[in-house]
Amino acid sequence: MQAILVINAGSSTIKFAVFAVEHNEPKKRYTGLIDKLLLEPQMSIKDLKTGDKKLIAMYQQGESPYANAFNSILHWLHDNNIELIAAGHRMIHGATKITESVVLNDEVIKFLETLNPLAPLHQPYNIQGAKIAFAKYPKLFQVACFDTSFHTTARELSQLFALPKWLTEEGVRRYGFHGLSYAYVVDQFENYLAPKIVDGKIIVMHLGNGATMAAIENRKSLATSIGFSAVDGLIMGTRTGSMDPSVILYLMKEHNMGYDEVTKLIYKDSGLLGVSGISPDMRDLLASDSKDAKLAVDLFCYRVAQWIGTLSMELQGLDALVFTAGIGENAAPIREKICAYAKWMGAELDTTKNNANESEIHTSNSKIAIHVIPTDEEATIAKDTWRLLQQNK
Ligand code: ADP
């Protein structure tokens, strides 16, 4: 079997997917995870045909935990007679310069490394994946697909901070993330939305562990809730979302916190976890009867509602609200709370359809369509990798 390997390499986990290329089209066949990369790495692979999930022994012959991890994936492919024809990498940052997926080579990698300071918690690890694969297979066709590129069409005013010009010129501005998810969902519009609104004014809410929203018109991003970094905008599992920057000054002065401590506080200890004191996981909060769990849920929905306001102003109208990702696709009570805030605008939820997790969840009287569209970031990467492989043959 010929396959494309899709890699999402993070600081402590590597998520991957194997897309079999059949009938000239990549189709997802396996998904995998290497967890606890720096402690006791564990690799698990799920066969999507049979539903079986197995733990796979790690191959311990690289010079670093990352090399071990990639070698383990490559060995598993080899042992299962899977011929790797290309690898597609999730890359967090292409800044304003990279507007679409690119074929990787030394020069591109060098440029991407210059963007490390913009996303120090993601970009170096994303790049590491490609470098290790090249070390093993120098001729492998590798592609980088960017979380930022979908948002390079956003309005300049929506992207600027009111900072001195030299900082803006240095690249301190809003970029927008989750672009691979938005690209997939926008590709699905035709399958879900009424034809007259497919090119209309649409707010997509990617509500998962990371949570962002985008204003989309004519299938292009006009503005987004996130951010110079992945900590802006909505409340997330463990990240604050937008916050007065003086809170950081306060922490530095009154609590003597340095860079690492502040980073941990705003990225790992805050958000749903910080407010609830219980869990970053929405399922746990919805199942809990604690007051603080309820507060975390309420704050999450309130912040989403605030962004519906901002983004509908960006769009100068609203044809549809679209929910996606773990919470957006599965949590009916969260969708209900959010839609209640938008009722005055004419968005009317059909609670029976919503509770049944249907994909069209508005009432017949609703002036604004409300939909659930499942996302698949890996599919965007596989599709772009396959397209570029065909173009470069
Ligand atoms: P990631 O950003 O890690 O890809 P996901 O898109 O998988 O995240 O979303 C994870 C979030 O989705 C978690 O908060 C999880 O609790 C939530 N979630 C998944 N299924 C449900 C469900 N049935 N009800 C409520 N929340 C859910």
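Only the coordinates and a few stated rules stand behind these numbers; no lab work does. What you see is a predicted model; the values in this text were computed from it and never measured. So basically every Cβ, Gly included, is an ideal-geometry build from the backbone, and we count neighbours across all protein chains shown.
Values computed for the structure shown
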quantity	calculated
Rounded to the nearest 20 debye, dipole of the range 269-393 from Cβ charges on Lys, Arg, Asp, Glu	220 debye
Cβ-Cβ FRET estimate between Lys131 and Ser364, R0 fixed at 45 Å, reported to 0.05	0.25
FRET efficiency estimate (nearest 0.05) - Cβ-Cβ, Lys139 to Phe228, R0 41 angstrom	0.65
Radius 10 Å from Cβ of Gly200, net charge of other residues (Lys, Arg +1; Asp, Glu -1)	0
In nm, spacing of pseudo-spin labels at Glu170 and Leu121 (7 Å Cα→C-beta vector)	2.0 nm
The chain: calculated mean residue ellipticity at 222 nm from DSSP helix runs of at least 4, using -39500 (n - 2.57)	-11500 deg cm²/dmol
Positive-end extreme of charge dipole, the range 32-170 - chosen from Thr168, Thr96, Leu38 (charges on Cβ)	Leu38
Over the range 6-161, relative contact order from alpha-carbon pairs under 8 Å, at least 6 apart, %	22 percent
Burial ranking of peptide ranges 195-204, 153-162 (average Cβ count within 10 Å, highest at the top)	195-204, 153-162
Pairwise FRET efficiency - Asp281 versus Glu254, Cβ, R0 = 22 Å, nearest 0.05	0.10
Most to least packed among 77-89, 357-369, 168-180 [average Cβ atoms within 10 Å]	168-180, 77-89, 357-369
Antiparallel bridges, percent of DSSP beta bridges restricted to the chain (to nearest 5)	65 percent
Value of relative contact order over the range 268-338, rounded to a whole percent, pairs C-alpha under 8 Å and six or more apart	23 percent
Tilt relative to the chain, helix 65-79 - C-alpha long axis, 0 to 90 degrees, to 10	70 degrees
Taking the chain and dividing mean pair separation by its residue count, relative contact order in percent (alpha carbons under 8 Å, at least six apart)	14 percent
Estimated distance in nm for a label pair at Ala162 and Leu33, the labels positioned 7 Å out from Cα along Cα-to-Cβ	4.3 nm
Built amide H within the under 5 Å cut-off of Tyr59, gap 5+	Ser72
Candidate lysines for bridging to Lys165, where Cα separation is under 23 Å - those fewer than 8 sequence places away on the same chain excluded	Lys97
Between the range 49-102 and the range 179-206, the Cα center-to-center distance that results, in Å	29 Å
Label-point separation in nm, Thr99 to Ala194, each point 7 Å along Cα→Cβ	3.3 nm
Linear extension gain, Glu22 paired with Lys46, 0.36 nm per residue minus alpha-carbon span	6.7 nm
Net charge, Lys27 excluded, C-beta distance under 14 Å - Lys, Arg +1, Asp, Glu -1	-1
5 angstrom amide H check on Thr375, placed H, neighbours 5+ away	Ala325
Options Asn392, Tyr267, Trp344, ranked by Cα towards positive dipole end of the range 235-393, top entry (Cβ charges)	Asn392
Anisotropy class of the range 159-312 from Cα gyration tensor, a/c 1.5 cut	oblate
